[in-house]
Structures are given as structure tokens and as C-alpha cells.
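Here the structure comes first, spelled out in C-alpha cells, and everything after it is commentary.
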Amino acid sequence: MRRLTWLVAMVLVGWSVRVEAQATLPAGAVLPITLDQAVSLELKDAGKNYRARIARAVTLSGGTVIPAGTAARVTTKKPSGKPKQTQALLAEITVNGKAYPVSSQPARVEGSGAAASQAQAAGAVGVTVKGSSTSGPSYVNVSPTAKRLNAGAKLGFALARTLSLQ
């Protein structure tokens, strides 16, 4: 009888975890990432992959859908046209042992609202501001002359498409 009770309890726990793990993040949602490795933005390094992790828990309807520290993979890609550097893109996250491909917009660097506003006011090329210090972190575009993103850099990747986690 104890075994049957234990088995039923484990099935119920497994079912509840599975239900909580099912989530859909909308296009445009920003995933906060910390780089574990320096990322080269030089054209000769296009297509390389780099280790990263989710910087802060991602929540949806009050529940955590992607825990802080979740493994991620960033890749570099040559954009169309005649670019002088590659773009860093979020390519994959691994949640509860399952890898999910991600389609993202190019990386933006996390900064304080004041730093982002100062860069924009100074006429920095290619700088835009999203968010504010009261609504969460602000992000600025990666400089078009950047050659690398350092290990430990805090980045934001906006989802280009809906991401379903199951």
C-alpha cells in the first residue's frame, strides 16, 4: 500500500511540474542573458556559438517559466548587406534538460536608464532605449563598431517569434 501511495504521489508531482513548465512567451518578450564567454563580433567569426545563461528568472502570470541560471547558447550571424560586424543572437535555451531553439532579435546591452539616455542624448550611433528604470532594465543597441562582447556582459534578446516551452 505504501508503494502505491508513493507511486500516485510521484505521478501527481510529475504532472503538476509538467503543467507549470508549459508556457508560451510572446514575440517581443525580452530574455535577460549573461555571457559565460566573450563573443567575437568580427565577420571572420560569424556562425560561432558561445555559452551563456539566463540572468534573472523569467516569469509569466506570476510563475517562473525559465529559472535564473538556465543554460543558453548565443550565436553570431552576418546580417544582410555589407556589414562591418556580425550580430549576436540568442539561438537556444535548455529548460529542465530540454533544448528549445530560439529566434531572437540582435543582442542589446543592458544598462541603467540614465546611461542609456546619456548615450542617446550624446548622439551615439545606433543607440535606442527600451524600458526605464521603473519598468525594468533599459537596453541599448550594440555599437556598430564593437569587435566583441565581454564574458559577464548582461544582454537582452527580444524574441522574434513566440517561444513555447513544454
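The values are calculated or read from the model by the stated rules, or taken from the named source; none is laboratory data. Everything numeric in this text was worked out from a predicted model, so none of it was measured. Here the Cβ is made from the backbone with ideal geometry for all residues, glycine too, and neighbour counts use every protein chain on show. The accessibility values were calculated without ligands, DNA or RNA, using every heavy atom of the protein model including side chains. Shrake-Rupley method; radii C 1.70, N 1.55, O 1.52, S 1.80 Å.
Tabulated values for the structure
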quantity	calculated
Pair list, Cβ < 6 Å and 6+ apart or interchain, from the range 141-166 residues that are assigned to a loop (DSSP other than H, G, I, E, B) to residues that are open to solvent by less than 30 Å² (accessible area, probe 1.4 Å)	142/107; 146/41; 147/41; 151/35; 153/35; 160/104
Tally of residues being loosely packed, with under 12 Cβ neighbours inside 10 Å and among the polar types (S, T, N, Q) across the range 79-98	1
Residue within the range 144-156 that is β-branched (Val, Ile, Thr) and at pLDDT below 85 present	yes
